[in-house]
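Nothing in this text is a laboratory measurement; each read-out follows from the coordinates by a stated rule. Here the structure is a predicted model, which means the values were calculated and not measured. Cβ atoms come from the backbone with ideal geometry, glycine included; neighbour counts cover every protein chain shown.
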Amino acid sequence: MSVTKDYFDITPLVSRRLGVFPGDVAFSRSVSLDPAKGDNILLSSVTTTLHLGAHADAPNHYHHGASAIAERDLALYMGRAQVLQASVGRGERIGLRHLRDPEPKAPRVLFRTGTFPDPESWNSDFASLTPELITHLAVRGVKLIGIDTPSIDPEDSRHLEAHAAIATYDMAILEGLDLTQVPEGLYTLIALPLRLEEADASPVRAILLRDATLLSKL
Ligand SMILES: [Zn+2]
């Protein structure tokens, strides 16, 4: 997590140490050409789950036949976003009662739970979302929900109720965000997924701009 004057980087560092769901394929990088060994360039390749660190789930991940990540409207992943603290315990699903003010102030809402504090040290009892909260936000115009845990459903969930609610409203999901340094408030989110054909997810580089007019000055 790095902070500059103008934006928060809410992307955990991608490395082989980054935790992935039990049984999923961890990130690894192999070097095929290396100047340290006399090659003229550095060249490497990676193997990884697409649900790596900060990532966007595609609808086909949780709904058979639904759209892949390459088909998603990028407008979902950039624009006004609200960071909301959820006063929720480990292993709980966030409901309206965990929010000081449950009325969303932006079409994208990112929940800071603090229940998955170290992305390099996996804990199974992270917080997730209730389908009721998703419905509450959807009917108020929210189109993206993000969270600072690996999933919007509990790790051992079989029915994936929160993902199903997301599918009902065709909302977008960001998981695995690092919101530890980000105060509650309104920001501009940019978190674009890669254009991966048929893919069920994509890692994203997610940032929160304090002031969107910054972009016009770059
Ligand atoms: Zn995912």
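Couple of notes before you dig in:
- Using a simple spin-label model with pseudo-atoms 7 Å out from Cα toward Cβ, F21 and K105 lie 3.3 nm apart.
- Here is the list for segment 133-218: GluC sites (Glu not before Pro) lying in DSSP coil, each with at most 16 other C-beta atoms within 10 angstrom of its C-beta, are E155, E184, E197, E198.
- Taking trypsin sites (Lys or Arg not before Pro) across segment 64-120, the ones in a DSSP loop with at most 10 further Cβ atoms lying within 10 angstrom of their Cβ are R100.
- Between the beta carbons of L96 and H159, assuming R0 = 22 Å, the FRET efficiency works out to 0.55 to the nearest 0.05.
- Pairs of alpha carbons in the chain separated by more than 33 Å make up 14% of all such pairs.
- Taking segment 59-201 and dividing mean pair separation by its residue count, relative contact order in percent (alpha carbons under 8 Å, at least six apart): 36 percent
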